[in-house]
Amino acid sequence: MPGKLKAKIVAGRHLPVMDRASDLTDAFVEVKFGNTTFKTDVCPKSLNPQWNSEWFKFEVDDEDLQDEPLQITVLDHDTYSANDAIGKVYIDIDPLLCSEAASVISGWFPIYDTIHGIRGEINVLVKVELFNDLNRFRQSSCGVKFFCTTSIPRCYRAAMVHGFVEELVVNEDPEYQWIDRIRTPRASNEARQRLISLMSGELQRKIGLKVLEMGGNAVVGYLQCFDLEGESGLVVRAIGTACTLDKLSSGSAPNTNTHVHPNTAPASNACNSPSKDGKEPVFGEDLPSFSGPPTPFRALPTSSSSPPPFSPSKPCSRQSSSSDTDLSLTPKTGKNTYVLSSIVSDQAVFYLQEFPFFTLTSFPPGFLVHVGGVVSARSVKLLDRIHNPDEPETRDAWWEEIRQEIKSHAKALGCHAVVGYSESTSICEEVCILSASGTAAILNPRYMREGCLDIGSTDHRLFTVAFHLRQFEEPSPPSCGFCHIPYDELNMPFPAQLTYCYHCRRQKVPDVLFTTIDMPPEAAVTGKGCLIQARLCRLKKKAQGEVNATAISNLLPFMEYELHTQLMNKLKLRSMNALFGLHIQISVGENMLLGLASATGVYLTALPAPGGIQIAGKTPGDLSNEHHILTIQKRINDTITKNKELYQINPPELTEEVVGSPIPEPRQRSRLFRSHSESSDELSELDLSHGKKDAFVLEIDDTDAVEDIHSLLTDAPPPTGFYSCNTEIMPGIYNWTTGVQMFTSVRVFRLSNANLTNQGLNKIFTDLCENLLKSFYFKLRSMIPCCLCHLNFTVAVPEEELIQVAVTAVAMTFDKDQTQEKPADKPVTKGCSETEEQLQFPLELCADSSSITTQTSSKISAASVDYGSFADRCSTWLELLRLKAHTIRRGSVKTISSLERSSPLPEGRSRSLRSNRSFGGSSVPVVKMTPLSFLPGTRIIKYLGIINMFFIRETTSLREEGGVSGFLHSFIAEVFAMVRAHVAALGGNAVVSYSMKECVLMENPNKNQAQCLINVSGDAVICVIETDQESMPSTINVVQTCSSGADGAT
Amino acid sequence: MAVELDVFVGNTTIMDEEVYQLWLDGYTVNDAVKVRMEGGVLEEFEASADVLLSDTMDQYRTFQMCERLLHSPAKLANQLLFQIPPHRQAILIERYYAFDDAFVREVLGKKLSKGTKKDLDDISAKTSVTLKSCRRQFDNFKRVFKVVEELKGPLVENIRQHFLLSDKLARDYAAIVFFANNRFETGKRKLQYLTFQDFAFCAGQLINSWTIGAVDNMVEDMDVDLDKEFLQELKELKILITDKDLLDQHKSLVCTALRGKTKAFNEMEANFKNLSRGLVNIAAKLTNTKDVRDFFIDLVEKFIEPCRSDRWTASDMRLYLTHYTNSAHILDTFKHQVVWDRYMGVIKSCIFKMYHD
């Protein structure tokens, strides 16, 4: 009995009228935890009852504390008949189990009913007393912190990054139980809500146990999803990155332990440069006087004022850049005891991880060494073939398989790790597409080696199993190092055009870089970034079972290819050369597949300037055609010029080669631009590389291709004053002000026309997305100048003729008048000291696992049809990356390359905080929400715990609630309200890393019914307005103001 | 092919003041879109009609959801559903309770009953205020009326606290409640030239000086019901016209004071007895509810119209009434100075306000 949960019901307000006769309500409350229930007295005839109950005490196991929610039910007392339920409140008490998070939950919660929505509010107080303080970590995983944020949380430093954790639990979906036929919709919804709440708790506890086993104390980048498989069950799964986090007391210097753990391999000890002992790198910390995202350069003034003693062997002439990364890690003490030694070969401590995956998307400086490219894998599964649906084994095996594939792709790219990793599913009837993607990367193993934390000596298997020596050369300059190719130039995984880095001129870089991560803040960019989307619809025949799965498998590679081509073309059209935050979603419906790829395009200074786009005709003799081509070519060129201006991309001097005359294309080529449904035969050995040679040649030989080009050109740029991106921050904007407006928007489009073509569908889908963006710009026009950040599009095909797009994003204002430059303290250096040959990281690491891959892929699982070995396997990004080779064929390509790069020396960045007017008199605390990991102009001083909420709403009076739009509008507003209330009750004033992970809407207008499920998550935090002086953490004002800049349209 | 569902929900509720006004004015979504297009918001922001339609629908939905809360504005501040900055809440409330002068002029003094509500379509046609807007305004009047009916304390203050309205608007509502309660006749043709603001001013005067609240501030309906004792006492003023000596004396005092000060002197002198009889008779009859209702029409018929036909200027009026009131104090046989002052103070300022074209 290691815990005592105490709850007190204080009062209610705005209750609904339950007794028509008196227009009043006789309310009382049931408080339930586990199997124990307490009741308050009835507060007769009041809509604003004051119960002021005693403390209800539950004595429970901490395991239950983790799994179970506290369930509060408000009822109307009825003497003669059954008591009527008014609504419920579920309170997740997990945040109270961690000493560093919230200590009490106290506040007004909306009383929620799945049929009626919010019906009044209730004031509740909850506390937890944990006994056996020393012992409690043994029994359960209480105390492990969870963060949705995909970077090291702002007020922590990562002592160590342990790696990937995953878990999956399965249960029968209450909606599919026999009892569902006889119980009310309300009872069914509540059973489901409760079950998912329980499963989430269980999942979190299990993951927590894994983290403890690994020696960590936190999960960062925690991503939990649920799959409504229907008959076969309800799956809740989660992935995350286990870390050991140290809390930074604000303003104080971080731990300066100099300890080398005895259990670390001797080799590691020996190679530890004495000069490094001074301090472990500190990262993930939010520097207090800072309004934007973290850049490591803040620290530089310190280091420049007292230059660190570089070791003699260091190539001094260009020292500044090479050491920046590490120097920036030591700002806190002010004394630069941390000396980087250039010749010390760092012992690469890379323990064998089954999956060296990281769900993080932004990293402490120096962690990310090189980025290879995007790796992804998809697999089509049949849910009705699961032998033992109630057990997680089959699903575990599926994911295992996909992860192995991802791992081997990463290996092929010469990378030992995958960052920005995520997993998703799309389910339609019995077919399920599992997808995983990430960015292959080489990481600095120093951050995964045992840190300064003293971890119990129980399990060091992880740290000692495998060590791989890696000669760590002088780090590349942070502004370009990550672009340098990780693979061997002579033994490239795919044909790519390499050039010397335009930034340092030392290392090779590819011509285009695609990644799923956020842009490293230290990266050098030219101009601004922008949202780039590729959208695609493919019709498929309605089918069942294996036939259906095969059809989908066959379509997938084409979709990936076309999405990729679109992305590439759009990137070129904007004269950019890199994509960050790439997220590709393929959604399956009964008669179509939807593909949506979103990313933020940017011009990386280190990469070569992109070439233009060349239009080639099929029949050169035809004069009218020639003319047509010329017109289109002109339009494209104009667009490129316009875009360069718009995104302020003005790299130095472009030399243009003379354009060669277009040469007829072989048939084969043109097929790639059209529907591929007929070509499934050739696909078993899909070689997409035949398309790569002319990736930038658009050939128009038929109407389809013309359509393609038109769609390319129809993407309207955002109106003046607006920028958009899907990453955390907008490359090229650094002076955020405090205006923040988070929003969720959902659109459903009904296709009435039965005989649609792929082209027609594409157009509809593209228009749908474009119109959504236009609507956002219009609605948020009062915030100009502003940027829509973290635009997260989710597509679904809820029914045969419906396309659903849901978007969550945040609009943030910035100061236009200030120079749009990076902070002055950013070091811009040309050239770097990366002289030593970079040793390829040993791939033996993966040797055994690749054999596993072969095994798994050859083994046909009895439980399910394994379509993973079909064509979709070929369509990984690894293959697609090959496409980016320039086409030099037949001289039909205009090659535009930049020779010289002027270094845009950034001006000083001054911060301007738009003053937050504060409005008194409001009794409801303001809670800001954002999908980002920070709020501009504020500093997070405390993480209060994870918010992970699941709601169902149902109505049988759809028309009366204003149709589906009215229904969903109020539901989303209610969800926001409940999230805000929970955060406020935890004592927080903001939610960061907020996301709506699921929005499943089912409607039946004929029956006047609709049902919707929403799952949201985020991190509850306390943030304070950033003061100019970082020295006064005690006197900072808690952000209480409404975002004056974010009131929305006026 | 159609957009089946389209919603946009902000964490901070987004509200466009222009759209709010259109919604309040009872425009349908399509009409509102038209108005907005004509307003040029599109050119300003290169958006298409679809975008405007979608935005307008969203906002209309938001307003509809908020409407329930606006019915008891205090709830708006502590509800959790919409995160609306307080200054914006104030705007929402103030605008929601704002009304059209043309509309209020039609219902002023009428019983706020179902019967009147049925006539709203006629009023709508007459005033060209949309029926929807008429209903909202009418319901607002009724709601405020119902709430303050049962409250003790000063009327204006009650309205302001319960509906979080500005002082100005609270006073206007007080006037509306006061008129509805006493059923003052305002619809007659002769009164058509008077604006709502004229009446609201007069209501303020009456509330301040003639109600029970003017003497006792802790009774129910203190500001809505006229002080019965006072009305009774007004009968005593009759002596001013029934006692011939007193009347002549009064006249000569006033004329002495006025002589040479105005061009309309001759008319004043000639009409003195008529006008004085008019005013004092109004006072004496106020014990009858029926005559209370006709208070304003009596003022116009018995006093304002004769003066206007004699082409008195506003300053003539001011001069005359001042001396008329003050001279009564000098009459040694006239004992009802206090009542006289309480009566004439209100009459004077009402007539000043009402004496225009």
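Put simply, of A:SER322, A:SER379, A:SER345, A:SER341 the only residue that is crowded, with 24+ Cβ neighbours inside 10 Å and at pLDDT below 85 is A:SER322. The one condition from (1) more than 19 Å from B:CYS202 (Cα to Cα); (2) open to solvent by less than 20 Å² (accessible area, probe 1.4 Å) that B:LEU253 does not meet is (2).
Taken together, B:ILE351, B:ILE304, B:ILE330 contain a single residue that is closer than 23 Å to B:ASP227 by Cα and either surrounded by 18 or more Cβ atoms within 10 Å (Cβ to Cβ) or in contact (Cβ under 8 Å) with a residue 60 or more places away in the chain (or both), which is B:ILE351.
Contact map, region B:51-73: first residue over 20 Å from B:PHE8 (Cβ atoms), second residue open to solvent by 10 Å² or more (accessible area, probe 1.4 Å), Cβ cut-off under 6 Å, separation 6 or more or different chains; pairs are B:PRO73/B:LEU164. Look at region A:386-403: where a residue is over 18 Å from A:LEU234 (Cβ atoms), no partner that is open to solvent by 20 Å² or more (accessible area, probe 1.4 Å) and among the basic types (Lys, Arg) sits 6+ places away or on another chain with Cβ atoms under 9 Å. Kindly evaluate A:ALA616 against the criterion of being outside any strand (DSSP E or B) and either over 29 Å from A:THR425 (Cβ atoms) or open to solvent by 10 Å² or more (accessible area, probe 1.4 Å) (or both). Criteria not met by A:ALA616. Of all residues in region A:956-967, those that are more than 7 Å from every other protein chain (Cβ to nearest Cβ) have Cβ atoms under 8 Å from Cβ atoms of residues that are open to solvent by 20 Å² or more (accessible area, probe 1.4 Å) and in a loop (DSSP other than H, G, I, E, B), 6 or more apart or on another chain, in A:THR956/A:ILE115; A:PHE967/A:GLU961. Taking the residues in region B:20-65 that are facing another protein chain (nearest Cβ under 10 Å) and more than 19 Å from A:PHE776 (Cα to Cα) as candidates, determine which candidate is surrounded by the most Cβ atoms within 10 Å (Cβ to Cβ). The residue in question is B:MET65.
Can you find a residue in region A:783-798 that is touching a Pro at 6+ places or on another chain (Cβ under 9 Å) and at pLDDT below 90? The answer is yes, given that some residue of region A:783-798 is touching a Pro at 6+ places or on another chain (Cβ under 9 Å) and at pLDDT below 90.
Here is a list: B:VAL41, B:VAL19, B:VAL51. Which entry is closer than 24 Å to A:LEU1001 by Cα and either modelled with pLDDT of 90 or more or outside the structural domain of B:PHE141 (by the TED database) (or both)?
On the way: B:VAL41 fails: closer than 24 Å to A:LEU1001 by Cα; B:VAL19 fails: closer than 24 Å to A:LEU1001 by Cα.
Every option except B:VAL51 fails the conditions.
A single entry from A:LEU802, A:LEU780 fulfils the requirement of being open to solvent by less than 10 Å² (accessible area, probe 1.4 Å), over 15 Å from A:ASN726 (Cα atoms), within 11 Å of another protein chain (Cβ to nearest Cβ) and more than 25 Å from the chain's Cα centre (by Cα): A:LEU802. If you go through region B:166-180 one residue at a time, do you hit one that is open to solvent by 50 Å² or more (accessible area, probe 1.4 Å) and at pLDDT below 90? No - not one qualifying residue is present in region B:166-180.
Going through (1) open to solvent by 20 Å² or more (accessible area, probe 1.4 Å); (2) in contact with a Leu (Cβ under 7 Å, 6 or more places away or on another chain) one by one, A:SER745 falls short only on (1).
Mind checking whether some residue in region A:971-980 is modelled with pLDDT of 85 or more, among the small types (Gly, Ala, Ser) and either more than 22 Å from A:VAL924 (Cα to Cα) or not in a helix (DSSP H, G or I) (or both)? The answer is no, given that none of the residues of region A:971-980 is modelled with pLDDT of 85 or more, among the small types (Gly, Ala, Ser) and either more than 22 Å from A:VAL924 (Cα to Cα) or not in a helix (DSSP H, G or I) (or both). I'm trying to understand the selection: among the residues of region A:20-46, which are buried (at least 19 other Cβ atoms within 10 Å of the Cβ), within 30 Å of A:PHE131 (Cβ to Cβ) and hydroxyl-bearing (Ser, Thr, Tyr)? Residue satisfying the conditions is A:THR40 alone.
Among A:ALA973, A:ALA984, which is the only one that is among the small types (Gly, Ala, Ser), facing chain B (nearest Cβ under 10 Å) and open to solvent by 20 Å² or more (accessible area, probe 1.4 Å)? Among A:ALA973, A:ALA984, only A:ALA984 is among the small types (Gly, Ala, Ser), facing chain B (nearest Cβ under 10 Å) and open to solvent by 20 Å² or more (accessible area, probe 1.4 Å). If you go through region A:928-950 and pick out every residue that is more than 19 Å from the chain's Cα centre (by Cα) and within 14 Å of another protein chain (Cβ to nearest Cβ), you end up with 1. Residue count for region A:116-134 under the criterion of being buried (at least 17 other Cβ atoms within 10 Å of the Cβ) and on the phi > 0 side of the Ramachandran plot: the result is 2.
The residue of region A:1-19 that is surrounded by the fewest Cβ atoms within 10 Å (Cβ to Cβ), among those that are in a strand (DSSP E or B) and modelled with pLDDT under 90, is A:ASP19. State yes or no: is B:LEU131 open to solvent by 50 Å² or more (accessible area, probe 1.4 Å), under 30 Å from B:ASP294 (Cα atoms) and more than 14 Å from chain A (Cβ to nearest Cβ)? It is true that B:LEU131 is open to solvent by 50 Å² or more (accessible area, probe 1.4 Å), under 30 Å from B:ASP294 (Cα atoms) and more than 14 Å from chain A (Cβ to nearest Cβ).
Once region B:1-19 is narrowed to residues that are in contact (Cβ under 8 Å) with a residue 60 or more places away in the chain and under 23 Å from A:CYS1012 (Cβ atoms), the residue that is farthest from the other protein chains (Cβ to nearest Cβ) is B:THR13.
Looking at this structure, is A:HIS460 in contact with a Pro (Cβ under 6 Å, 6 or more places away or on another chain), modelled with pLDDT under 50 and outside the structural domain of A:VAL805 (by the TED database)? The answer is no for A:HIS460. Among the residues making up region B:75-101, none is more than 10 Å from every other protein chain (Cβ to nearest Cβ) and more than 22 Å from the chain's Cα centre (by Cα).
Looking only at region B:87-120, residues that are surrounded by fewer than 17 Cβ atoms within 10 Å (Cβ to Cβ), in a helix (DSSP H, G or I) and at pLDDT 90 or above come to 6 in all. Selection over region A:729-758 of residues that are more than 12 Å from every other protein chain (Cβ to nearest Cβ) and assigned to a strand (DSSP E or B) gives a count of 3.
The values are calculated or read from the model by the stated rules, or taken from the named source; none is laboratory data. Please read these numbers as outputs of a predicted model, since none were measured by experiment. As a convention, Cβ positions derive from the backbone with ideal geometry for all residues, glycine included, and neighbour counts pool all protein chains shown. Accessible surface areas use protein heavy atoms only, side chains included; no ligands, DNA or RNA. Shrake-Rupley method; radii C 1.70, N 1.55, O 1.52, S 1.80 Å.
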